[in-house]
Amino acid sequence: MFFRFPEDARWNADLQAVEFSVGVGEYEGLVRVPRQVLRRFIDGAVTPERCIELYHLQRTRFELITERKVRNRQLTGDGNVEINGRDMRALSRTATSARLPTLAHAGF
């Protein structure tokens, strides 16, 4: 199964979330990471710009979570994916993701 993650991360002001696309086979969906999920990784003001920056720093983590949720068919009612705090904590327990930087550790 080959997942595609186009370079299209953006801020959705209406939903207060970072969004990016995912594709696998014929499935095309949208992944949302709400601001409140990103808050625990950002020191200081949680601005849209800092949320997008965190997405780029943590892109591998978000893609791994997305792959797991799509494989397990954990989709929202509209067929998309929403990453929540529980998803981030579950992946944080793995040795690989524990070494990924956050904005707090990067000095931002």
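The values are calculated or read from the model by the stated rules, or taken from the named source; none is laboratory data. No experiment lies behind these values; they were computed from the predicted model shown. With ligands, DNA and RNA removed, areas are computed over all heavy atoms of the protein, side chains included. Shrake-Rupley method; radii C 1.70, N 1.55, O 1.52, S 1.80 Å.
Compute the accessible area per residue over segment 1-70, keeping the other protein chains in place, probe 1.4 Å, unit Å².
Using a 1.4 Å probe on heavy atoms only, each residue of segment 1-70 averages 51 Å².
Using the 2.2 N^0.38 Å rule of thumb for compact globular proteins, work out how segment 1-53 stacks up: its C-alpha Rg over that value, please.
Against the compact-globule rule of thumb, the ratio is 1.26.
P(r) of segment 1-95 in 10 Å steps, Cα pairs, percent per bin?
Per 10 Å bin, starting at zero, the Cα-Cα P(r) for segment 1-95 comes out as 16, 53, 29, 3, 0 percent.
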